[in-house]
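The values are calculated or read from the model by the stated rules, or taken from the named source; none is laboratory data. None of the values given here were measured: they were computed from a predicted structure. With ideal geometry, Cβ positions are generated from the backbone for all residues, glycine too; neighbour counts draw on all protein chains shown. Heavy atoms of the whole protein, side chains included, go into the accessibility calculation; ligands, DNA and RNA do not. Shrake-Rupley method; radii C 1.70, N 1.55, O 1.52, S 1.80 Å.
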Amino acid sequence: MKLITTSWDDGHIKDFRLADLLDKYNLAATFYIPAANDEHAVMNEKEVIELSKRFEIGGHTMNHARMNTISEKIFKAEIEGCYLWLSDLLGKNPMSFCFPGGVINQPATEYAFNTGFKIIRTTELLNPWFDTKDYVIPTTMQVYNHSSFTYYKHLAKRFKIQSLLLYLKSGSSGSLRKNLEYYLEHIQIHGGCFHLWGHSWEIEEFNLWNELEELFKAMSNLPDIAYVSNEGLLQYKN
């Protein structure tokens, strides 16, 4: 199978600019939105409902809480509260969840699944493979100009040897466009899932909109590719 999905974190109002670009290039997406976030402004509930008419909305805790800074009691309240809030707001149960800051641990993961979420997105990068049995999913690229050193460190820290070897084979570029072309080609030849993610506030802060649109152009309307939201990946799982 050959899949392309995208996801966007934090629920900033600039997500609507992202949504327009995604629509322009016929790309599917999931937006992970907390109810509140002390770090950045978050769209209001009316805006969340409006965005949900176009794209999947996933859970991102109630207050953008990082699991390594709070107690078990609080992280359970953050996860369950988020699930109930979105269920009530959108009139249906959310399927996808993403831990803020990429901070993930086994107890919190198990609790998220037990709460009702069906798929959990991580911030693991440079992974073009698709595991049909694993419902904790990695990503391939973030819309951010990481250095080659950062990619090496990211993969080594997580002991992702297969991903590291593939990145070395790719030429170890820090270029978003070069990496996109390499990993898309890998998926077209070998199958797998290309997963692009990012933050609209970060794209705005670093003026990456033009670069993002070029990435979207390269990703769109490719033959024999299924374009799905993160929830849409579930249909390809065993």
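Miscellaneous remarks
- Filter result (over 22 Å from His60 (Cα atoms) and either open to solvent by 30 Å² or more (accessible area, probe 1.4 Å) or not aliphatic (A, V, I, L, M) (or both)) within the range 194-219: Phe206, Asn207, Trp209, Asn210, Glu211, Glu213, Glu214, Phe216, Lys217
- Cross-chain or 6+ apart pairs with Cβ under 6 Å, the range 220-238 first and over 11 Å from Leu3 (Cβ atoms) and open to solvent by 30 Å² or more (accessible area, probe 1.4 Å), then among the charged types (D, E, K, R) and not in a loop (DSSP other than H, G, I, E, B): Glu231/Glu56
- Selection from the range 127-185 of residues that are open to solvent by less than 20 Å² (accessible area, probe 1.4 Å), within 19 Å of Glu211 (Cα to Cα) and either in a helix (DSSP H, G or I) or modelled with pLDDT under 95 (or both): Leu176, Asn179, Leu180, Tyr183, Leu184
- Per-region count, the range 193-238, residues within 20 Å of Lys133 (Cα to Cα), under 16 Å from the mean Cα position of the chain (by Cα) and not in a loop (DSSP other than H, G, I, E, B): 8
- The criterion of at least 2 residues that are open to solvent by less than 50 Å² (accessible area, probe 1.4 Å) and out of contact with any helix residue (DSSP H, G or I) (no Cβ under 8 Å at 6 or more places or on another chain) is met, among helices (runs of 4 or more DSSP H) falling completely within the range 1-100, by 72-90.
- Residue in the range 108-120 that is over 30 Å from Ile187 (Cβ atoms) and part of a loop (DSSP other than H, G, I, E, B) present: yes
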